[in-house]
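Q: Sharing a structure with you now.
We did not get these values from a lab; they are worked out from the coordinates using the rules stated. Small disclaimer: the values here were computed from a predicted structure and weren't measured. Cβ placement follows ideal geometry from the backbone for every residue including glycine, while neighbour counts extend to all protein chains displayed.
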Amino acid sequence: MKIIKPTTHLVDIGPLDNTLRLPTASRIKHGMKTICRRCGKPVTDEYFIVGFKKGFPNMIFHESCIEGGNHEK
């Protein structure tokens, strides 16, 4: 999995340890920041993916930004 780091280029962090598919509605309702770590654009889709990787903060992704369109590691 590659993500955008503050240097604004993609960095390979290896496979994610785990992922969850969650609804976006409650984050938008509460005004929470929901930016995709892969493309850097706001997530406004109905669902998003949360990725977990040891040593990294939790990451938010568009479903379409997960490689191959699936949620696997």
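Q: Which GluC sites (Glu not before Pro) in the range 14-68 sit in a loop by DSSP (not H, G, I, E or B) and have at most 15 other Cβ atoms within 10 Å of their own Cβ? Mind dumping the intermediate values first?
A: Numbers: sites: Glu46, Glu63, Glu67; in loops: Glu46.
Those satisfying the criteria are Glu46.
Q: Also, I was wondering about something else. Can you pull out the trypsin sites (Lys or Arg not before Pro) in the range 22-53 whose DSSP state is coil and whose Cβ has at most 10 other Cβ atoms within 10 Å?
A: Numbers: sites: Arg27, Lys29, Lys33, Arg37, Arg38, Lys53; in loops: Lys33, Arg37, Arg38, Lys53.
Those that pass, being in a loop and sparsely packed, are Lys33.
Q: What net charge is computed for the residues neighbouring Ala25, neighbours being all others with C-beta under 13 Å from the C-beta of Ala25, Lys and Arg scored +1, Asp and Glu -1? It would help to have the intermediate numbers written out before the result.
A: Working: positive: Arg27, Lys29; negative: Asp45, Glu46.
Net charge in that neighbourhood comes out at 0.
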